[in-house]
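Some notes on the structure that comes next.
What follows draws every value from the coordinates through simple rules; no lab data is involved. Given the structure is predicted, the values throughout are model-derived calculations rather than measurements. As a convention, Cβ positions derive from the backbone with ideal geometry for all residues, glycine included, and neighbour counts pool all protein chains shown.
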């Protein structure tokens with residue numbers, strides 16, 4: 001199938017993009033198009049107006065600072081994947097990015113587009129939730145910072161207003177004592193994940209003193225497994241942490257990954273991630 005008839009707008013500034021979105025509340029923003037175009041082709045999304053961010057200067061680029069890796073919204077996932085300084089500063093990105101689709105999709109797919117699309121089975125939202133990251137959002141005459149904790153509302157729905165544009169993503173840079181792990185299960189590499197776990201742990205003298213565990217592809221948004229996090233810091237043995245992680249979620253199911261299977265995967269991947277950070 002092909003998209004339903006629509007009007008195409010290519011603004012030359014963020015302000016023009018916000019104005020176009022304000023004038024057409026049912027408009028859709030397109031960045032790399034790797035997620036939106038299939039929805040348009042299958043007519044699962046039928047906007048009257050498509051606002052293309054590709055013509056706006058200043059939305060690409062990566063800035064590695066002492067406390068964050070700031071990625072322009074239109075920066076491709078492949079560009080981030082190939083930026084050695086960014087990956088060294090934020091190792092969880094290096095672990096997660098190879099799982100994002102295939103190289104051909106990462107060549108076109110954008111970092112900001114993936115975050116704004118708010119797909120519950122996407123890797124970058126899970127990473128952002130794990131790291132307690134944030135995004136920069138521009139609206140009519142103002143910009144704001146939105147924490148990841150309140151960004152993902154439900155599947156394919158973020159906290160961005162209809163006339164706001166995500167302009168940058170900030171991945172925090174953590175201290176050298178932090179260790180990272182990322183694991184997911186798919187039917188085939190590049191397919192949508194059945195379950196994924198992102199983990200960041202502060203390991204001191206062989207003990208985890210702080211940990212962040214995020215799960216993706218099990219609910220309508222990335223979830224922080226706070227009960228499991230608390231158990232790890234309290235020194236609970238890994239078998240019990242697994243039980244706590246599995247009991248704390250109500251995963252969705254599908255013909256390929258029933259809810260009970262996804263629950264078991266969460267427990268297994270949480271343990272795998274924790275074993276990895278302890279062994280690093």
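Summarising the label geometry, the points placed 7 Å from Cα in the beta-carbon direction at residue 243 and residue 272 lie 2.3 nm from one another. Applying 1/(1 + (r/R0)^6) with R0 = 25 Å to the Cβ-Cβ distance of residue 280 and residue 233, what FRET efficiency is obtained, to the nearest 0.05? The formula returns an efficiency of 0.90 here. Could you tell me the ratio Rg/Rh of the range 7-55? Both radii from Cα atoms, Rh via Kirkwood. So for the range 7-55, dividing Rg by the Kirkwood Rh gives 0.96.
Among beta bridges identified by DSSP and lying wholly in the chain, the antiparallel ones come to about 85 percent.
Rounded to the nearest 10 degrees, what's the angle between the helix 259-279 long axis and the longest principal axis of the chain, both from Cα atoms, 0 to 90? The answer is roughly 70 degrees. Both numbers refer to the Cα atoms of the range 140-193; Rg and Dmax are 16.0, 45 Å. Counted residue by residue at 0.36 nm each, then reduced by the alpha carbon distance between them, the extension gain from residue 1 to residue 103 reaches 34.3 nm. One chain, two ends: residue 10 and residue 82. Fully extended at 0.36 nm per residue, the span grows by 23.1 nm beyond their Cα-Cα distance. For the chain, the C-alpha radius of gyration divided by 2.2 N^0.38 Å, with N the number of residues, is 1.01. Helix content alone sets the calculated 222 nm mean residue ellipticity of the chain: runs of n ≥ 4 DSSP H residues at -39500 (n - 2.57) each, divided across all residues, give -9500 deg cm²/dmol.
Where in the range 39-56 is the amide nitrogen less than 15 Å from a point lying 7 Å along the Cα-to-Cβ axis of residue 23? Counting backbone N atoms under 15 Å from the label point, the list is 48-52. When the Gaussian network model of the chain links Cα atoms closer than 10 Å, the mean-square fluctuations of 34, 230, 187 top out at 187.
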